[in-house]
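To start, the structure itself, in structure tokens.
FYI, it's all coordinate maths here, none of it is from the lab. Being a predicted model, the structure only gives us computed values, none of them experimental. A quick note on method: Cβ atoms are made from the backbone with ideal geometry, for glycine too, and the neighbour counts reach across all protein chains shown.
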Amino acid sequence: MFFDSDLLMSALRALTPILLAALGGAVCERAGVFNIGLEGMMLMGCFTAVATSWFTGSPWLGVLAAALAAAAYSLILAVGTVTLRGDAVVLGVAMNLLAVGLTSFLLRTIFGVQGTFDDPSLAGLPLVGGFSPLAYLAWAAVVVAALMLSRHVWGLRLRGVGEAPEAAATLGVSPVRYKYAAVLVSGVLCGLAGAQLALGNVTLFSENMTAGRGWIAVVAVMLGRALPFGVLLAALLFGVAEAAGFRLQGLGLPQQATDAAPYVVTLGALFLSTAQRRRRTGRTTGVVS
């Protein structure tokens, strides 16, 4: 049977890093910062988690270090877009490219290997009910983010900063402070996503191991309209696609075809979402005229 409990478990494990990164992107989106640097932040989290876990023997210190490293890395976006008012898209692409080169350089410098670092002494995250604790944290973060953004004063002010920063400033709310906070939260969540990918899903570091998951998270933010539960559904779609790809590979399909499954689903979902929005816009225009 193709669709069974094992496929569901695999899909839930696959969605966790995407979900954490997408939640970070959603927080940035609500603050008016378009963050496409999720891929680079995740990759920095992956490397830092593995390096710290290997040197200290503690995966939890690896998780903490990954969150802090990705948050520090996210300051490039915060300073560049908020303080210096640079282009967020250009900065995000640059951060992604820098992370690939920097982690590859550090892999050779620190571990003296190329491609992949995999050591038996590398401690991974424990599993509880088949999932790492970060998976449960990701699911809880969806509920917390939904409540914070819709009912808590911080979330309401964050939305105000993103939608009308000038109006928010006249009410005594600092757009700069809230935008910085949003980007830092995004960095922490991407760091946790990287730790989950490198110490939860597997226990190793490979060059460019995020393999486009950060870009999929950006699409999840767009499909979910920066709403936590919408982001969850989008991430689940991609998680199922990735798990189905692995299952099809086991049935004899070429690896190249199965590896492309999540990205084909991403393009298809983005195309359908864009078409639906244009259809709605056309209807609204017709009604007004």
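Label points 7 Å out from Cα along the Cβ direction at Gln276 and Ala260: separation in nm?
2.5 nm
Just to confirm the filter: which trypsin sites (Lys or Arg not before Pro) across segment 1-98 are DSSP coil and have at most 12 other Cβ within 10 angstrom of their Cβ?
Hits after loop and neighbour filter: Arg85.
Among Val143, Thr56, Leu7, flag the residue with its Cα farthest along the positive direction of the charge dipole of the chain, charges on Cβ as +1 for Lys/Arg and -1 for Asp/Glu.
The listed residue farthest towards the positive side: Val143.
Mind giving me the FRET efficiency for Tyr136 and Glu166? R0 is 45 Å, r the Cβ-Cβ distance, nearest 0.05 is fine. Intermediate values should be presented prior to the final figure.
Numbers: r = 40 Å, r/R0 = 0.89.
Working from the Cβ atoms, E equals 0.65.
Here are some values of semi-axes √(5λ) of the Cα gyration tensor in Å: (i) 27, 23, 21; (ii) 31, 25, 17; (iii) 40, 18, 16. Which one was computed from this structure?
Computed from the coordinates, semi-axes √(5λ) of the Cα gyration tensor in Å corresponds to (ii).
So how much slack lies between Leu75 and Leu127, counting 0.36 nm per residue of separation and subtracting their Cα-Cα distance, in nm?
Numbers: separation 52, 0.36 × 52 = 18.72 nm, distance 3.21 nm.
In short, 15.5 nm is gained.
Taking segment 87-195, which trypsin sites (Lys or Arg not before Pro) meet the DSSP loop condition and have no more than 13 other C-beta atoms within 10 Å?
Working: sites: Arg108, Arg151, Arg157, Arg159, Arg177, Lys179; in loops: Arg151.
Counting only loop positions with at most 13 other Cβ atoms within 10 Å, the trypsin sites (Lys or Arg not before Pro) in segment 87-195 are Arg151.
Roughly how many Å is it from the Cα centre of segment 179-227 to that of segment 33-78, as a whole number?
Taking the Cα centre of segment 33-78 as reference, the centre of segment 179-227 is 10 Å away.
When you count, for each residue, the other Cβ atoms within 10 Å and take the mean per peptide, how do 18-25, 182-189 rank with the highest first? Don't jump to the answer; show the numbers that get you there.
On the way: 18-25: 32.4, 182-189: 25.6.
Highest-to-lowest ranking by the protection proxy: 18-25, 182-189.
Taking loop as defined by DSSP and a crowding limit of 12 other beta carbons within 10 Å, which chymotrypsin sites (Phe, Trp or Tyr not before Pro) in segment 1-84 fit? Intermediate values should be presented prior to the final figure.
Working: sites: Phe2, Phe3, Phe34, Phe47, Trp54, Phe55, Trp60, Tyr73; in loops: Phe2, Phe3, Phe34.
Taking segment 1-84 and a limit of 12 other Cβ atoms within 10 Å, the loop chymotrypsin sites (Phe, Trp or Tyr not before Pro) found are Phe2, Phe3.
In nm, give the distance between the simple-model label positions of Phe55 and Val144, each being 7 Å from the Cα along the Cα-to-Cβ direction.
Between Phe55 and Val144, the label points sit 2.7 nm apart.
Output wanted: per-residue J couplings in Hz (rounded whole) for segment 217-224, from phi through Karplus 6.51 cos²θ - 1.76 cosθ + 1.60, θ = phi - 60°, x for Gly and Pro.
5, 4, 5, 4, 4, 5, 5, x
Which whole-number percent gives the relative contact order of the chain, counting Cα pairs below 8 Å spaced six or more residues apart?
Details: 486 pairs, mean separation 100.6, N = 289.
Relative contact order here is 35 percent.
For a paramagnetic label modelled at 7 Å from the Cα of Arg177 toward its Cβ, which residues of segment 140-159 fall within the zone defined by backbone nitrogen distances under 15 Å?
Taking a point 7 Å out along Cα→Cβ of Arg177, the residues of segment 140-159 whose backbone N falls under 15 Å are 153-159.
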